[in-house]
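For reference, the structure discussed in these notes is given below.
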Amino acid sequence: MKYILQTKNLVKSFGGVHAIDHLSINIVEGQITGLVGPNGSGKTTLINVLSGFFPHDSGEIIFSGVNRNKILSWENQIYNITRTFQQIRLFEQMTVLDNILVVLTERSPIYSLFERHTQYHLKCAEDILRKIGLHEKLSHRASDLSYGQRKLLEIGRVLAMNAEIILFDEPFAGLFPETVKKIEEIIQNLKQEGKSIVLVEHNMAIIRKLCDHLIVMDAGKLLAEGHPEKVLSEKIVLEAYLGE
Ligand SMILES: Nc1ncnc2c1ncn2[C@@H]1O[C@H](COP(=O)(O)OP(=O)(O)O)[C@@H](O)[C@H]1O
Ligand SMILES: [Mg+2]
């Protein structure tokens, strides 16, 4: 197994709370790594820190063997990491199509020098909307979509970023089975394309189905890491869940 992303003794505190407490974990290249743990165990904080949304207090974040703490900020773009939010974030007053186009044009400033939306961008955006099943809604305002469609649009924006590492924070929460199935397919397709994925999810059936590698956190610490079936049968993991 090759690791694309690792943490060593990572710490992130909020006041007196150690949300991440000397955590050392591995994210596998080109595979789906599950991230589970009771509520408040630090999963979202880990995603915030890995994606650069929050700075960490101490410890190391290592991308493909290179310590990010020693990398200049402009070089961070090389590592090309993106994430979804537990709470959906969209440009509410913009159309479905424009929500995708702004990401595509931001990613390639050279095109935007000439024309805001070239045919090239339009084609990419429409391909993404077909993948997420929202092509027929392209002229609707984001605020007019259902919860499930909004979640799909957020995932469409992540696809538009074309990042190498994608962190999904509970993408299935509160969705109907058909939307869950659609997002499962999208995540499996991303793996087929060679992307490295982290998936925070509470449903163990989904974890077992999708994940190649599993990390279990409890109170900011690593409880277990390894093959999902093996990890989920460990006594310490079962106890953490029974005690929830
Ligand atoms: N922005 C924040 N400010 C203060 N405390 C926070 C913040 N984010 C998370 N925490 C605290 O850190 C701990 C871990 O939270 P979180 O990472 O959201 O857990 P999880 O995603 O596993 O449910 C909790 O005790 C939470 O209250
Ligand atoms: Mg969370």
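Can you give me the relative contact order of the chain as a percent, contacts being Cα pairs under 8 Å and 6 or more apart? Show your work: numbers first, answer last.
Numbers: 420 pairs, mean separation 70.6, N = 244.
29 percent.
Given only helices, namely DSSP H runs of n ≥ 4 each adding -39500 (n - 2.57), what is the per-residue ellipticity at 222 nm of the chain, to the nearest 500 deg cm²/dmol?
Values: 10 runs with 94 residues, N = 244.
Value at 222 nm, helices only, nearest 500: -11000 deg cm²/dmol.
Which whole-number percent of Cα pairs in segment 87-162 have a distance greater than 14 Å?
On the way: 1543 of 2850 pairs.
For segment 87-162, the fraction of Cα-Cα distances above 14 Å is 54 percent.
Can you tell me the orientation of helix 119-131 relative to the chain, as the angle in degrees between its alpha-carbon axis and the longest Cα principal axis, to the nearest 10?
It is inclined by approximately 50 degrees.
List the lysines whose Cα sits under 23 Å from the Cα of Lys195, skipping any in the same chain fewer than 8 residues away.
Correct list for Lys195: Lys2, Lys8, Lys43, Lys123, Lys131, Lys151, Lys181, Lys182, Lys209.
Report, to one decimal in Å, the Kirkwood hydrodynamic radius for the chain based on all distinct Cα pairs.
Values: mean 1/r = 0.0531 Å⁻¹.
Kirkwood hydrodynamic radius for the chain: 18.8 Å.
Applying a 10 Å radius around every beta-carbon, put 43-49, 58-64, 24-30 in order of their mean neighbour count, most first.
Details: 43-49: 23.4, 58-64: 16.4, 24-30: 18.4.
Highest-to-lowest ranking by the protection proxy: 43-49, 24-30, 58-64.
Using only Cα atoms, find the angle between the long axis of helix 177-192 and the longest principal axis of the chain, and express it within 0 to 90 degrees, rounded to the nearest 10.
That helix lies at roughly 80 degrees to the long axis.
Read-outs: derived from the displayed coordinates by stated rules, not from any lab. Note that the structure is predicted; figures quoted are calculated from it, not measured. With ideal geometry, Cβ positions are generated from the backbone for all residues, glycine too; neighbour counts draw on all protein chains shown.
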